[in-house]
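The values are calculated or read from the model by the stated rules, or taken from the named source; none is laboratory data. Every value quoted in this text rests on a predicted model; they were computed, and no experiment measured them. So basically every Cβ, Gly included, is an ideal-geometry build from the backbone, and we count neighbours across all protein chains shown.
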Amino acid sequence: MRHSILLALLTTAFIFSACSVQKKATVESPSSIASLAKTAILDKPDFAPAHVGISIYDPAENKFLFSYQDTKYFVPASNTKLFTCFAALKNLKDSLVAFEYLPNTENTAVRFTGDPTFLHPDFKQEKVFNYLQTNVPNITFVTPRWNAASFGNGWAWNDYDANYMPERSAMPIYSNLVWFSKKGNQLNIIPKAFKDSVNIFASMADGKFAINRDKSDNHFEIVKSNRTFTTTQIPFTTKKSFEDVSLNLLEDTLNRVLHFASAINDQTAVWKKFYSQPTDSMLKLMMHESDNFFAEQTLLMVGNEKIGLMDDNKTIDTLLKSDFLGLPQKPKWVDGSGLSRYNLMTPQDFVWILTQMKQSFSWERINTILPGANEGTLAGLYKGYEGKIYAKTGTLSNHVALSGYITTKKGTPLIFSVLVNAHQTTAGNIRKSIEQFITGIIDNY
């Protein structure tokens, strides 16, 4: 009798447990997909020293078709942007909030919200610039709701002058980059406010020069180089106070006098929102070009909307307790872009994110935001598979990732994630092997 009761209790517990983790689905490993994985990836010498995780999921059948170390943690590189993109889709409206304001016929209070599209050359329509330049007689800029560092946790400090790592800020302008281009013997500089911050230590006549920036301030140097100069972008530092850098730069750009206040007297005032660009237009650039700056600012904008503060740590903590609560394995998520090697996520986590994204938003919207075959960061890859794959790449030195959606030739939609860490070959070799594996699945299922 005692054994019967115990058996009944164990059976009940198992059924309850199975129901509670239903979202993890069942795991199957058909020999053909396993064979593809071995041939294209697992048995190749390039992968011998590497850590590999693979997850292939059939959403219609709610089961994993193939799993290889997909519950283990990996450094995901720019696959982290899938987390940021999903957070944006869930929490940002159709258009980006450029700033919040309190309209007044004589003096308008303005509080910026982290919008990275302001005066970015990829966005030709500048409603924000036009409004600030002409529509308001007097503007007082109020300290933004900001509690974040210029750089994310775990970023490489000596990449401070690399164009893929601009500093984060509450009021980005020109993507927080100085844009240099050469025309004849003249050097064009945008924003023009930095033209007096360039010291010339080499002739520009033969075009053999480079531009460096001092780590601690916005002093740029032209130095001799063995390579011919091409158009380049170098981040400017925003580490001084908001009013010393951002507002001075904006004042020079708008060519008008601006005012600053640390706060407003009326704490009960209801701030209105001024919108700039369509949200998806920014997300598409973020995902197609793997733009780190857009990703970082997107996460901060989500924080401004969700918790009323541009704070990456608190925003991530809140997201993990709300929109991301169902993740199969709790990630270590530290930034919006994937620049940090502190990020740790599993292939199953990415499958979950992609599944939730497809269930929550239209497929037309998703396949516009994500790059497809032979476009964006997938350029040169998956040629002939147009319409069959939409995915996000990820690359750091010795790390490669790819997660996304595929549709097989039989019309079966699948979701996948392949994460590779600590390889010792070229990223191109790893990508080609992953391509062989994924196209093999497309062709045979």
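Can you find a residue that is within 16 Å of the chain's Cα centre (by Cα), among the small types (Gly, Ala, Ser) and not in a strand (DSSP E or B) anywhere in the stretch 374-381? The answer is yes; a qualifying residue exists. Looking at 211, 234, can you tell me which residue is assigned by TED's automatic domain parsing to the domain that holds residue 132, within 26 Å of the chain's Cα centre (by Cα), surrounded by 18 or more Cβ atoms within 10 Å (Cβ to Cβ) and among the hydrophobic types (A, V, I, L, M, F, W, C)? Only one candidate passes the filter, namely 234. Within the bounds of the stretch 353-366, is there any residue that is hydroxyl-bearing (Ser, Thr, Tyr), at positive phi and modelled with pLDDT of 95 or more? No - not one qualifying residue is present in the stretch 353-366. Here residue 189 meets the list (1) out of contact with any Lys or Arg (no Cβ under 6 Å at 6 or more places or on another chain); (2) surrounded by 14 or more Cβ atoms within 10 Å (Cβ to Cβ); (3) in a strand (DSSP E or B); (4) not aromatic (Phe, Trp, Tyr) almost entirely, failing just condition (1). If you go through the stretch 242-258 and keep only what is on the phi < 0 side of the Ramachandran plot and either among the β-branched types (Val, Ile, Thr) or not in a helix (DSSP H, G or I) (or both), you end up with 245, 253, 256, 257, 258. Cβ-Cβ distances below 8 Å connect the following pairs, each with a first residue in the stretch 112-137 that is farther than 19 Å from residue 233 by Cα, a second residue that is part of a loop (DSSP other than H, G, I, E, B) and of a type in the set (Val, Ile, Thr), and a separation of six or more residues or different chains: 137/105. The condition of being more than 24 Å from the chain's Cα centre (by Cα), at pLDDT 90 or above, surrounded by fewer than 18 Cβ atoms within 10 Å (Cβ to Cβ) and not aromatic (Phe, Trp, Tyr) holds for only one of 143, 108, 134, that being 143.
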